[in-house]
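I have placed the structure first, in the form of structure tokens, so that the comments after it can refer back to it.
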């Protein structure tokens, strides 16, 4: 099932997509998976794929571990990962219009670093 809402207003246009098929989203937004990154790194540094895969996996596990401890991770010019606590709140179920308690939770926040910001906003992309 795929539903597309489109709204054109002067020079701006807005399209909202709803689709229960996840393959549609993969076509809409290109996604790079860990395996593809491992393959690229393997080629660029000419290392064994198993070693690169283990290194990438180890790095990701360490990032998760540090964030779970509540630590802030700063990678110069890349960005900063930190955890924030969202307060508990009362929300409304859109179907029943009943009140629902949403408990407090920790979420990861990422702030883009200088080099990444420059690369994302460069005119050469």
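The values are calculated or read from the model by the stated rules, or taken from the named source; none is laboratory data. Remember, it's a predicted structure, so these values are computed and weren't measured experimentally. Neighbour counts run over all protein chains shown; Cβ positions are idealised from the backbone, glycine included.
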- Message: If I go through region 41-95 residue by residue, how many of them are under 22 Å from residue 110 (Cβ atoms) and without any contact (Cβ under 8 Å) to a residue 40 or more places away in the chain?
- Response: 33
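It is to be established whether one or more residues within region 41-49 are surrounded by fewer than 12 Cβ atoms within 10 Å (Cβ to Cβ), in contact with a strand residue (DSSP E or B) (Cβ under 9 Å, 6 or more places away or on another chain) and either at pLDDT 95 or above or not in a helix (DSSP H, G or I) (or both).
no
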- Taking region 66-102, which residues are within 27 Å of residue 119 (Cα to Cα), assigned to a strand (DSSP E or B) and out of contact with any helix residue (DSSP H, G or I) (no Cβ under 7 Å at 6 or more places or on another chain)? 74, 75, 80, 82, 84
- Note on the structure: Conditions (1) in a strand (DSSP E or B); (2) surrounded by 11 or more Cβ atoms within 10 Å (Cβ to Cβ) -> residue 117 fails only (1)
- So which residues in region 103-114 are more than 15 Å from the chain's Cα centre (by Cα) and either assigned to a strand (DSSP E or B) or in contact (Cβ under 8 Å) with a residue 40 or more places away in the chain (or both)? 105, 106
- Message: If I filter region 15-29 for residues that are touching a strand residue (DSSP E or B) at 6+ places or on another chain (Cβ under 8 Å), modelled with pLDDT of 90 or more and outside any helix (DSSP H, G or I), do I get at least one hit?
- Response: no
- Residues of region 75-95 being on the phi < 0 side of the Ramachandran plot and surrounded by 13 or more Cβ atoms within 10 Å (Cβ to Cβ), which ones? 78, 80, 81, 82, 83
- For residue 113, all conditions in the list (1) over 19 Å from residue 59 (Cβ atoms); (2) at pLDDT below 95 hold save one; what is the number of the exception? (1)
